[in-house]
Structures are given as C-alpha cells and as structure tokens.
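Down below is the structure, laid out as structure tokens.
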Amino acid sequence: MSPLSPRDTLARFLSDPAHAGVYCLEASRAEAWHNARDAAVSGAAGLDWRRMAAPPCWSREALLDGLAESLGFPDYFGRNWDAAWDCLTELEWETRRALVVVVPAAPADAPAMAAFLALMRDAAEHWAARGHALVTLILREGEPPAWAREVPALPREATG
C-alpha cells in the first residue's frame, strides 16, 4: 500500500469529526490546497471548502457577512451572533463530507474575532457530536496577532 499524498492526509484529518474545530494556518501553506479544489481534494476526499471573501479588516459585520455568504445563509439571516449560531446549527450536510471554512488573513478587530472564534468552536462541537466535521482554518501571515495566539496551529500530522 502506498503512503497517502499530502492532500489525502489533509482530507483524512479534516474529515474526522474528532478533529473538528478552529485552527490557524500560514496563508502560504493553505493556498495550494485551496486552489487545488479538484475531485481529488474536494469531492472524492470528502471536503467542502468554503472561503470567506477577504475584507480590509475583520470587523463583526465583515465576519458575519463573510460567514453568511460563504455558507449560503438564508435571506432572513439577522446579522448577529445568535442568528449565525442558528444558521450554523441548521446546515444541511452531505453524507461523509467535511465542511472547511477558510478565513483569509486580514487585520482583525480583536473582540469581534474572539466572538467569531467562540462561535465556530461551539458550532464545530455541535456538529462533531452528530458525526460531522466542521473545521475553520484561520489563515495568517507572519507572527500571529494576540487574538490568534490561543488558536492552535493545524497539526503537522494533518499535512503529512
């Protein structure tokens, strides 16, 4: 049996509900995976990549709007954290597909990002308890800002 490719290793790691959660990742490492959204990475591997549009700064509004757009929240989405929780816990899941939300690197309002990270961690736990993997990848460039220091890096075992 041949060893898994880095893409397959990543897909296997992210698809496991035990690994659901929020991780930081160097933006340069993420670009290759995100740009290679072919059947080997997204379809067959069971990953559903959702990239939020990069704003000049991650404010509360930019985070909520980016999440709503990337995940296709309904028109009645109320643009607040409670409404985001409701929409996150009502997502439709394809069998055996992990949902990976990619948050591009950008300066961030620390309180807004803290609320967003808590929301995404709670949603990941919610779905992991139901056998689904929801992973949020926070991309960063260079030294992590203070708000990102509590966010674990994507483990080396995930990338082979």
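The values are calculated or read from the model by the stated rules, or taken from the named source; none is laboratory data. Computed from a predicted structure; not experimentally measured. In this analysis, Cβ positions are derived from the backbone assuming ideal geometry, glycine residues included, and neighbour counts consider all displayed protein chains.
Within the stretch 129-160, the set of residues being under 14 Å from Y23 (Cβ atoms) and in a helix (DSSP H, G or I) comprises A148, R156, E157, A158. Please specify each residue of the stretch 118-140 satisfying the condition of being surrounded by 20 or more Cβ atoms within 10 Å (Cβ to Cβ) and either over 17 Å from L14 (Cβ atoms) or touching a Gly at 6+ places or on another chain (Cβ under 7 Å) (or both). The answer is L119, A124, V135, R140.
Quick one: which of A36, A68, A83, A54 is surrounded by 13 or more Cβ atoms within 10 Å (Cβ to Cβ) and at pLDDT below 95?
A54
S15 - would you say it is out of contact with any His (no Cβ under 6 Å at 6 or more places or on another chain), under 18 Å from E94 (Cα atoms), hydroxyl-bearing (S, T, Y) and at pLDDT 75 or above? Yes.
Please work out if A146 is modelled with pLDDT under 95, more than 17 Å from the chain's Cα centre (by Cα) and more than 22 Å from L88 (Cα to Cα). In short, yes.
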